[in-house]
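The values are calculated or read from the model by the stated rules, or taken from the named source; none is laboratory data. Remember, it's a predicted structure, so these values are computed and weren't measured experimentally. We place every Cβ from the backbone using ideal geometry, glycine too, and count neighbours over all the protein chains shown.
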Amino acid sequence: MHHEKSRHLSPSLLRLRQAGYKLTEARVVVLNAIEQLGGHVTSAQVLERVSALAPNIGRASVFRTLDLLTRLGIVRPTYIDSSATPRYVLMRDGHHHHIICTSCNKTIEFEDCGLDAIAKTLEERLNVKLTGHLLEFFGVCATCQASIPLHKEERNNP
């Protein structure tokens with residue numbers, strides 16, 4: 001492995017290489033597209049960006065790459081807006097955490113999930129080696145809360 005080249009790889013590309021996969025043009029371009037789009041993307045958005053970056057890469061290659069990245073835990077599908085079409089989230093460092101507003105579908109990302117102790121307990125209790133996790137909370141964001149009309153009893157009480 002060329003250390004000079006490895007130093008300039010994104011963490012996701014490095015994980016792909018460390019898993020024993022070649023960094024083909026399709027894999028590099030698809031990962032770059034996901035990273036450029038912010039990591040909360042539909043396959044249609046990935047296809048559009050890949051087409052702009054490298055028109056020679058076909059749909060089948062994009063979908064094969066998304067499947068590989070999912071199997072390796074580099075991205076995970078999530079069903080943010082309850083549709084049948086998943087959004088792919090980038091699993092930086094093997095984990096990803098966000099809150100989804102059930103009113104406007106806004107996604108709020110956060111870093112520290114505090115799950116390290118739970119993960120260790122699960123590994124020991126169930127005899128598994130965890131490779132990552134996706135944590136999703138659902139709620140109503142501050143903007144949507146402010147626009148929700150007060151209930152009748154709240155209006156009558158000063």
Taking the stretch 124-148 as the region of interest, how many residues are under 12 Å from HIS98 (Cα atoms) and surrounded by fewer than 12 Cβ atoms within 10 Å (Cβ to Cβ)? 2
Being in the same structural domain as LEU16 (by TED's automatic domain parsing), in a loop (DSSP other than H, G, I, E, B), at pLDDT below 90 and surrounded by fewer than 17 Cβ atoms within 10 Å (Cβ to Cβ), is that true of even one residue in the stretch 34-43? yes
The conditions are (1) at pLDDT below 75; (2) among the charged types (D, E, K, R); (3) in the same structural domain as GLN36 (by TED's automatic domain parsing), and ARG64 fails exactly one of them. Which is it? (1)
So GLU25 fits all but one of (1) surrounded by 16 or more Cβ atoms within 10 Å (Cβ to Cβ); (2) more than 19 Å from GLY73 (Cβ to Cβ); what number is the exception? (1)
Scope the stretch 55-77; condition under 18 Å from LYS22 (Cα atoms) and surrounded by 17 or more Cβ atoms within 10 Å (Cβ to Cβ); matching residues: ILE57, SER61, VAL62, THR65, LEU66, LEU68, LEU69, LEU72, GLY73, ILE74, VAL75
Per the filter on the stretch 1-22, residues surrounded by 14 or more Cβ atoms within 10 Å (Cβ to Cβ), at pLDDT 85 or above and among the charged types (D, E, K, R) are ARG17
When restricted to LYS129, LYS152, LYS120, the only residue at pLDDT below 75 and either of a type in the set (Lys, Arg) or touching a helix residue (DSSP H, G or I) at 6+ places or on another chain (Cβ under 7 Å) (or both) is LYS152
